[in-house]
Amino acid sequence: IQRYHVPDASTKSIPSTYIEEEEGLGGDGRRWEEEQFTAAIFKPGAKDAKRKDEDFDLLLDETIDFAEALQMPGTSEELTPQLTSAEKRKLTIEETRKSLPVYAFREQFIEAIKQYQVIIIEGETGSGKTTQLPQYLYEAGFCEGKKRIGCTQPRRVAAMSVAARVAEEVGSKLGSTVGYSIRFEDCTTERTMIKYMTDGMLLREFLNEPDLASYSVMMIDEAHERTLHTDILFGLVKDIARFRKDLKLLISSATLDAKKFSRFFDDAPIFQIPGRRFPVQIYYTKAPEADYIDAAIISILQIHLTQPLPGDILVFLTGQEEIETVQEALTERIKNLGSRIKELVILPVYANLPSDMQVKIFEPTPPNARKVVLATNIAETSVTIDGIAYVIDLGFVKQTSFDARSGVEYLNVVTISKAAANQRAGRAGRTGPGKCFRLYTAWAYKHELEDQPIPEIQRTNLGNVVLMLLSLGIHDLVHFDFLDPPPHETLVAALEHLFALGALNHKGMLTKLGRRMAEFPCDPSMSKMLVASEKYECTEEIITIAAMLSVNAAVFYRPKAMIIHADTARKSFWSPGGDHLTLLSIYNKWKETNFSMQWCMENFIQYRTMKRAREIREQLKGLLERVEIEPKSSTDTIAIRKAITSGYFKNLAGLDKSGQYKTAKQRHTVQIHPNSCLFEDRPRWIIYYELVFTTKEFMREVMEVESNWVQEVAPHYYKSGDLEDPTNKKMPKQRGKTKAELMQ
Ligand code: CDP
Ligand code: MG
């Protein structure tokens, strides 16, 4: 076993300036503890073929035990040499397709699906489930009779990139035979036979086509991710399969939840695709990291300087901002090192990545260079990048969590589960033996990480989904067929919120307003704001604001060398009234320049973010037409803010005597985010767009309001006592509609 080598000053290949700059890297560099990671080793080559005959022939009612797999010996000598990206490039599409593990099981798979209505597919990430199975079905004639094959993905980027890849494999233009559909973007036509879509989009399709009549097969992919939408889809498709006997269902998952899925789908057979995985050496830090971002950057450089090529690096970070920070710092350091080191190609991957950037992650690494992919947990299973030999795992993930009692929704950074950590490590062993560097201690891994992640349905706000289920006519939510049920109080909180928004009446039935709100692929607060813009005659402005809030990405960039200029530019857009109006003003000024890229650059604004906002805005405009709201424009900033308040009144916070912000209803202490234009003004009452928990609970995108506005837009929600000085008040008691009434 090769020890992870920390470079010191005597190592010739390390430029001396590097040592000087990186004090501490040479002498007391990171110390690693190592451990062999031996999960699921399958030997490739001839033996693999033999195994296939012996063990995997009858896959339908026999699955290989994980513990058994752990016993299988595997040494590096037996492994085939790693195929470099460049070599892979030489393979034709046909050869690449045939090289995937699923290929050997093509016929058996088709046989199985002809025989059974529902099949659970289990296979290692990268074995070809997502890209190949829909194609096999297509080739086997499952689209005859003009029916489609659908495949859901939990993430936008995955849906788009996979569709692009499959279109290429099929040899058609993206959007014709193979297409995709994601929120605010539909890239399909009548002729589309293989349709990739986000799970959220399929959920929306149920509104128009409750029996999924246009599909012959539906594949719910990445089932193990257990996203909220995927979990709801399980219940819906299971129900449909009962009366649509011709609809085939595939539930595919990367890890070992297959048995659970099988049980849920009335003991559906499990089709297991044996994956190839090479041994991955695991290293832990000896002591916890104080600054894990810095630790990550140093680790990247250490690997790059000491480890042989080829072998790309994959780093797991928590979000776009963090990725950009690392990208910038890394670029800077590489620049300082100059031509003395081999080229390092830095590529970011996150959910909101613009499509032109997505293509780049799959491009082969140039010879004599190394690729470092800075990713969120999207690269855990949804997106497979070839050639990764080193994984750096920081051990964190950004997650929403919902406190039903206080009604507060957070976006916070939490530690990952053991399952996720192992999945991440496994990414290093896809094309050859690899190494995984965990920036946490072995002790932390054993004692601080949960075994499995908590399914999203059990930790998130359900407002959106409840509204959707109600519009599908499913009123008995308590008895809905959940794989794992959400907490009762979360369901109640969702119903209460919808009631406060006016989407439900006191009997818990959808109102006309609720039905209009359900047309928007947005959360209920935003949908309500959009509908309310009709009353305040400011639809044009509200859809701009909604679009800008929805891009969920930084609008401004701050290059280190030009921070002062960037901040001056940023401040020049600040509008009285707050961040929402600032976003509006940015968009409108950009529009005046005829959506100029040059203008964005001059003002330190992310052109891509703006372009996406513009696309979303167009979509929202179309949706407004559907609910018959005429576009009207207004310059009245009070009317605009009242429309926003109509949706977000719940997020009211007031300044108390001690100079702190407290949420009006639940007395939560919160802070204005330092990036906000109201950070210094500190108005008496504000409404925030979202709460983000980092070191403190920060309100992001805030606007100034008057307390009587919330009574105007939601008279039943706040009692006058709520709107007095928050310091003089005790915790409010349970209020409003009784739960029993709402749950009927
Ligand atoms: O779904 P599963 O994880 O089993 O595998 P897949 O996504 O179908 O990927 C199979 C192969 O296609 C992998 O080698 C990927 O690298 C490749 N692929 C690609 O080249 N470009 C994409 N956009 C998606 C996958
Ligand atoms: Mg997949």
* Asked: With (1) over 20 Å from the mean Cα position of the chain (by Cα); (2) outside any helix (DSSP H, G or I) as the list, and TYR180 as the residue in question, which single condition is left unmet?
  -> (1)
* Asked: Of these, LEU347, LEU353, which one is within 16 Å of ligand 1 (Cβ to nearest atom) and more than 23 Å from THR198 (Cα to Cα)?
  -> LEU347
* Across region 148-158, what is the number of residues that are more than 11 Å from ligand 2 (Cβ to nearest atom) and modelled with pLDDT under 95? -> 2
* To do: Tell me which residues, restricted to region 463-479, are assigned to a helix (DSSP H, G or I), within 18 Å of ASP523 (Cα to Cα) and not small (Gly, Ala, Ser).
  => ASN464, VAL465, VAL466, LEU467, MET468, LEU469, LEU470
* Structure fact -> All-but-one check, SER417 against (1) away from ligand 2 (no atom under 16 Å from the Cβ); (2) touching a residue at least 40 places away in the same chain (Cβ under 8 Å); (3) within 17 Å of the chain's Cα centre (by Cα); (4) on the phi < 0 side of the Ramachandran plot, failing number (2)
* **Residues satisfying the stated conditions in region 705-724, i.e. outside any helix (DSSP H, G or I), surrounded by fewer than 19 Cβ atoms within 10 Å (Cβ to Cβ) and modelled with pLDDT of 85 or more** => GLU706
* Asked: Any residue at all in region 399-412 that is within 16 Å of ligand 1 (Cβ to nearest atom) and touching an Asp or Glu at 6+ places or on another chain (Cβ under 8 Å)?
  -> no
* For region 216-304, which fully contained strands (runs of 3 or more DSSP E) count at least 1 residues that are within 16 Å of ligand 1 (Cβ to nearest atom) and of a type in the set (Ser, Thr, Tyr)? -> 248-253
* Asked: What do you reckon, is ILE232 within 16 Å of ligand 2 (Cβ to nearest atom), hydrophobic (A, V, I, L, M, F, W, C), under 18 Å from LEU472 (Cβ atoms) and buried (at least 21 other Cβ atoms within 10 Å of the Cβ)?
  -> no
* How many residues are of a type in the set (A, V, I, L, M, F, W, C) and more than 11 Å from TYR688 (Cα to Cα) when one looks only at region 627-667? -> 8
* Structure fact -> When region 332-348 is checked residue by residue, the ones that are surrounded by fewer than 16 Cβ atoms within 10 Å (Cβ to Cβ) and either on the phi > 0 side of the Ramachandran plot or not in a loop (DSSP other than H, G, I, E, B) (or both) are GLU332, LYS335, ASN336, GLY338, SER339, ARG340, GLU343, VAL345
* Look at region 386-399 and say how many of its residues are more than 16 Å from ILE303 (Cβ to Cβ), at pLDDT below 90 and in contact with a strand residue (DSSP E or B) (Cβ under 6 Å, 6 or more places away or on another chain). => 2
* Unique residue being in contact (Cβ under 8 Å) with a residue 60 or more places away in the chain, among the polar types (S, T, N, Q) and assigned to a helix (DSSP H, G or I) when the list is GLN619, GLN598 -> GLN619
* Asked: Regarding LEU137, is this residue modelled with pLDDT of 95 or more, closer than 27 Å to ASN422 by Cβ and either within 16 Å of ligand 1 (Cβ to nearest atom) or buried (at least 24 other Cβ atoms within 10 Å of the Cβ) (or both)?
  -> no
* For region 285-302, how many residues meet the condition of being at pLDDT 90 or above and touching a strand residue (DSSP E or B) at 6+ places or on another chain (Cβ under 7 Å)? -> 3
* **Single residue of ILE563, ILE586, ILE542 found to be free of Cβ contacts under 8 Å to residues at least 24 places away in the same chain, of a type in the set (Val, Ile, Thr) and not in a strand (DSSP E or B)** => ILE563
* From ALA329, ALA351, grab the single residue that is surrounded by fewer than 21 Cβ atoms within 10 Å (Cβ to Cβ), part of a loop (DSSP other than H, G, I, E, B), in contact (Cβ under 8 Å) with a residue 24 or more places away in the chain and of a type outside the set (S, T, N, Q). => ALA351
* Looking only at region 169-176, decide whether some residue is away from ligand 1 (no atom under 12 Å from the Cβ), assigned to a helix (DSSP H, G or I) and touching a residue at least 60 places away in the same chain (Cβ under 8 Å). => no
* Restricting region 113-134 to residues that are in a strand (DSSP E or B) and touching a Leu at 6+ places or on another chain (Cβ under 7 Å), the residue that is farthest from ligand 1 (Cβ to nearest atom) -> VAL118
* To do: Hey, could you check region 184-229 for residues that are among the small types (Gly, Ala, Ser) and farther than 17 Å from PHE482 by Cα and say which is farthest from ligand 2 (Cβ to nearest atom)?
  => ALA213
* To do: List the number of the failed condition for GLY426; all other conditions in (1) without any contact (Cβ under 8 Å) to a residue 60 or more places away in the chain; (2) out of contact with any Phe, Trp or Tyr (no Cβ under 6 Å at 6 or more places or on another chain) hold.
  => (1)
* Given (1) closer than 16 Å to GLU701 by Cα; (2) of a type outside the set (D, E, K, R); (3) in a helix (DSSP H, G or I), index of the condition TRP574 fails -> (3)
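The values are calculated or read from the model by the stated rules, or taken from the named source; none is laboratory data. Please read all numbers here as calculations on a predicted model, not as lab measurements. Cβ coordinates were reconstructed from backbone atoms using ideal geometry, including for glycine residues, and neighbour counts include every protein chain displayed.
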